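Engineer: Before I ask anything, let me first share the structure, which is written out below as structure tokens.
The values are calculated or read from the model by the stated rules, or taken from the named source; none is laboratory data. Everything quoted here is computed from the prediction, not taken from an experiment. Note that each Cβ is placed from the backbone with ideal geometry, even for glycine, and that neighbours are counted across all protein chains shown.
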Amino acid sequence: MVYGVLRMINFAHGEVYMAGAYVAYLAVEGDWFGVRTQPAWWNVTLMVLCAMVFCMLLGVLIERLAYKPVRKASRLIALITAIGVSYLLQNVALLIFGASPKYAIVELSAPATQEAAVTGFRISTGQAILLITTIIFMVLLRIIVQYTRFGRGMRAVSQDMQAASLMGVPSDRVIMGTFALGAALAGAGGAMTAAFVGNQIFPLFGFMPGVKAFVSAVLGGIGNIPGAVLGGLLLGVIEALVGGNPTLTGYRDAVAFFVLIAVLLFRPAGLLGKSVQEKV
Amino acid sequence: MIKGYPRLLLFVLVTIVLLWGLDRLLFGLTSNGALGLYQYRVFILIPLLYITLAVSLNLINGITGQFSLGHAGFFAIGAYLSAGFSKFYASQWLAGMPPSMQGVMQIVFLLIALLIGGIAAALAGLLIGAPTLRLKGDYLAIATLGFGEIIRIMFENANTFGGPRGFTDLPQWTGFGFFWYALVAVGCIAVCRNLLQSAHGLAFLSVREDEVAAESMGINTTRYKVMAFILGAAFAGIAGSLLSHYEGSIYPNGFNLDVSIMIVAMVVLGGQGSITGAVLAGAGLKMLEEALRFLPEFSLFGRTFQPLDLRYLVFALVLILTMIFRQQGLLGHREFGWKTIGIGKRSKVEANG
């Protein structure tokens, strides 16, 4: 989303996701709202909200301190700054929490794994919650972008920042808002992945997901939402196939990059994208 | 005034004699204890290696204006393949020779190994550069980052090269090391400098300044981008060969993304496009990193830290702060050379950004 508005890859997005996961870890460690002792849906919601607020602040901070000063400069400079921010956050997390993985698993009151008899798929309650929340967030996001004043501002800025400013859209505030929104969603995602799915949390928690999200987007065609979903699914399947093959299993993390390079070579516009002629 | 090839030859000879003299001087200093071997290694040798890496990346990122995040990949290819040649083939050949020949042949084999490292990395540069250099900015950065990671993962999975346990028991043919390290660094700087002052150099710069305009002036921009990539990769590969032939053991993790980012930080800090800047920042950042080792431990968040743990934080801050406060880097596009101190005539080709 941030990419759509600013035309700039936010390398630090994965790190915000990681920060959300660490907030969840702190919440479980410190037993905020009783998430560890008496988990109930409202406690857990509070925890996720905490992660969202923290990440929103972090996102705004990053935007103000690092990205805003370089927004007018060339793309390369913005890119270097973004890489620097991402790297900085990774290492701050490494300093604070150390390299050893942490867990923030919340045992929900419902049985952890239920078998869905009809389909035969096994899905844990946590994964189900994650899926449902994701859908809710997607719908909310859609509403915000399509029907609110702020969303209209976002779309205007994404089309032409200068023209939007001339039309009275406060583009600075819109960009900051976009960062805040994107960061809050990333934080929620990080917290929920850590708490419900039980993934390990470590300083590079956000890096590979970030790269893979980017690869999915490129695979599907940048700026094309159905394409991104298709790209994500395809990448997941390819990765699972390679990971399951004993001779290739060591290459699991390289797959995303192979796919990326292949797509860029043979179909730079992505599977569902149209190629855009560059204007001079 | 001598001109043309004799002049070049003279320069090469003088350089070799000077570097050899310095090498012996340093060797004398370390053997009588005036200079610790460890200090010599971290404050002289490793910075020299990173000067080569920074100057070669500068050719891609600074002078041609592309953005590569995969320099560690070329470094790794050079290190592994040249070490493979020396360990599996050359040392056997060497063992079968009469002892009187071994001294000379070791140098010959070292030169061949350096060449192999350079050529292998150059081929990789061609292979990866030709397709990806059509991409721009962010895409190129991620594609090269991906390439670097693929290389590292490949060596991690290659049992011939020791896999994750590292490639060890390699022949350490560079001996004391300074001569070879310095020779490669000086060679890399000289090639880049002379390239910049030639018509080709202008073509590289024009790609950075305005690709469309360059193309309309009849410059094959893709060709120059790939050329920069190949040349930069070749020097990184040679630097890798040096590393493996000095250290005697190399590990896949020594070529991870941290290394690529560190080299980028050096180029960015020195001023993208400035060779002198790359030299200063390459040596400076590396020495700074090593100097952190000598600071006392401290406590934060209830844990104890070595100041060395902060080094990546320092690189990240260097990147961000340079971009915010001084986008052109320390030196911008300026160079420090003979003409700065008023010796020699001004060259006809003046690069201005």
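Engineer: Within 16 Å of the chain's Cα centre (by Cα) and either on the phi < 0 side of the Ramachandran plot or aliphatic (A, V, I, L, M) (or both): is that true of A:Val60 in this structure?
Structural biologist: Yes: the conditions hold for A:Val60.
Engineer: While we're here: Can you tell me which residues in segment A:43-89 are within 21 Å of B:Lys136 (Cβ to Cβ) and basic (Lys, Arg)?
Structural biologist: Selection gives A:Arg71, A:Lys72, A:Arg75.
Engineer: Next question, about the same structure. B:Val279: within 11 Å of chain A (Cβ to nearest Cβ), modelled with pLDDT of 85 or more and within 21 Å of B:Leu48 (Cβ to Cβ), yes or no?
Structural biologist: So B:Val279 does not fit the description; no.
Engineer: Only residues that are more than 11 Å from A:Glu15 (Cα to Cα) and either more than 7 Å from chain B (Cβ to nearest Cβ) or touching a residue at least 12 places away in the same chain (Cβ under 8 Å) (or both): list them for segment A:85-95, please.
Structural biologist: Scanning segment A:85-95 gives a single hit, A:Leu94.
Engineer: Of the conditions (1) assigned to a helix (DSSP H, G or I); (2) in contact with a helix residue (DSSP H, G or I) (Cβ under 6 Å, 6 or more places away or on another chain), B:Tyr246 satisfies every one except a single condition; which number is it?
Structural biologist: The one condition B:Tyr246 does not meet is (2).
Engineer: For segment B:73-166, which helices (runs of 4 or more DSSP H) that fit wholly inside it have 1 or more residues that are within 14 Å of chain A (Cβ to nearest Cβ), within 23 Å of the chain's Cα centre (by Cα) and free of Cβ contacts under 8 Å to residues at least 60 places away in the same chain?
Structural biologist: Passing ranges, in order: B:99-132, B:137-157.
Engineer: A further question on this structure: Could you tell me whether B:Ala54 is crowded, with 24+ Cβ neighbours inside 10 Å, closer than 17 Å to B:Leu114 by Cα and away from every other protein chain (no Cβ under 14 Å)?
Structural biologist: no
Engineer: Quick check on this structure: which one of B:Ile263, B:Ile230 is over 24 Å from A:Thr81 (Cβ atoms), in a helix (DSSP H, G or I), aliphatic (A, V, I, L, M) and under 17 Å from the mean Cα position of the chain (by Cα)?
Structural biologist: B:Ile230
Engineer: Next up: For segment B:55-67, name all the residues that are closer than 23 Å to B:Val186 by Cβ and of a type in the set (Gly, Ala, Ser).
Structural biologist: Scanning segment B:55-67 gives B:Ser56, B:Gly62.
Engineer: I'm checking my understanding of the structure. Among residues of segment B:304-352 that are within 12 Å of another protein chain (Cβ to nearest Cβ) and part of a loop (DSSP other than H, G, I, E, B), which one is modelled with the highest pLDDT?
Structural biologist: Filtering segment B:304-352 for residues that are within 12 Å of another protein chain (Cβ to nearest Cβ) and part of a loop (DSSP other than H, G, I, E, B), the one modelled with the highest pLDDT comes out as B:Arg326.
Engineer: To continue, here is another question. On the given criteria, is B:Tyr38 touching a strand residue (DSSP E or B) at 6+ places or on another chain (Cβ under 9 Å), among the hydroxyl-bearing types (Ser, Thr, Tyr) and in a helix (DSSP H, G or I)?
Structural biologist: For B:Tyr38, the condition - touching a strand residue (DSSP E or B) at 6+ places or on another chain (Cβ under 9 Å), among the hydroxyl-bearing types (Ser, Thr, Tyr) and in a helix (DSSP H, G or I) - is not met.
Engineer: Take the residues in segment A:69-84 that are within 7 Å of chain B (Cβ to nearest Cβ) and without any contact (Cβ under 8 Å) to a residue 12 or more places away in the chain, then tell me which one is nearest to B:Asp138 (Cα to Cα).
Structural biologist: Top of the filtered list is A:Leu76.
Engineer: When you go through (1) within 14 Å of chain A (Cβ to nearest Cβ); (2) modelled with pLDDT under 85 one by one for B:Thr174, which number turns out not to apply?
Structural biologist: (1)
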